[in-house]
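Structure first, commentary second.
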Amino acid sequence: MYKTKSKWTQNQTERTAILFELYPDIQKGCNLTQELRGIFENTKDKIIGFAKLAKWHEKVNQSGFKSFGTIS
C-alpha cells in the first residue's frame, strides 16, 4: 500500500480488496494517504495546491484519525 494504486499488482489489488472489506478504516486511511500523495505529485500551482490541501484537511478532520491530524 506504499505505492500508488495504479502501480499495485493484480495480487496486491486482490489482497487489499479483502483487507478493506474486513477493515474499512484501513481503506479510509489508505485513501487519505493516496489523496495526499496525489496532491504533492500532481499539483504544479501553489494556490491550487493549498486549496486541495484545505479540502484534504477537512476530510482528515471528518475521518477522526488522530495520526492524520498530526500530518495536517
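Only the coordinates and a few stated rules stand behind these numbers; no lab work does. Not measured: the values here are computed from a predicted model. So basically every Cβ, Gly included, is an ideal-geometry build from the backbone, and we count neighbours across all protein chains shown.
As I understand it, the value is the acute angle between the Cα axis of helix 24-42 and the longest principal axis of the Cα atoms of the chain; what does it come to in degrees, rounded to 10? On a 0 to 90 degree scale, this one is about 50. Per-residue ellipticity at 222 nm, computed for the chain from helices alone with -39500 (n - 2.57) per DSSP H run of at least four residues, works out to -25000 deg cm²/dmol. Note on the chain: Lys pairs 8 or more places apart or on different chains, Cα atoms under 19 Å apart, count 11. Net charge dipole, the chain: roughly 220 debye, given to the nearest 20, about the Cα centre with Cβ charges of +1 for Lys and Arg and -1 for Asp and Glu.
Extent of the chain along its three principal axes (Cα atoms, max minus min coordinate, largest first): 38, 26, 14 Å. Taking label positions 7 Å along the Cα-Cβ direction at both THR9 and ASN42, the computed distance is 2.5 nm, reported to one decimal.
The phi-based Karplus calculation (6.51 cos²θ - 1.76 cosθ + 1.60; θ = phi - 60°) puts the 3J(HN,Hα) values of segment 50-60 at 5, 5, 5, 5, 5, 5, 5, 4, 5, 4, 4 Hz, whole numbers, x for Gly and Pro.
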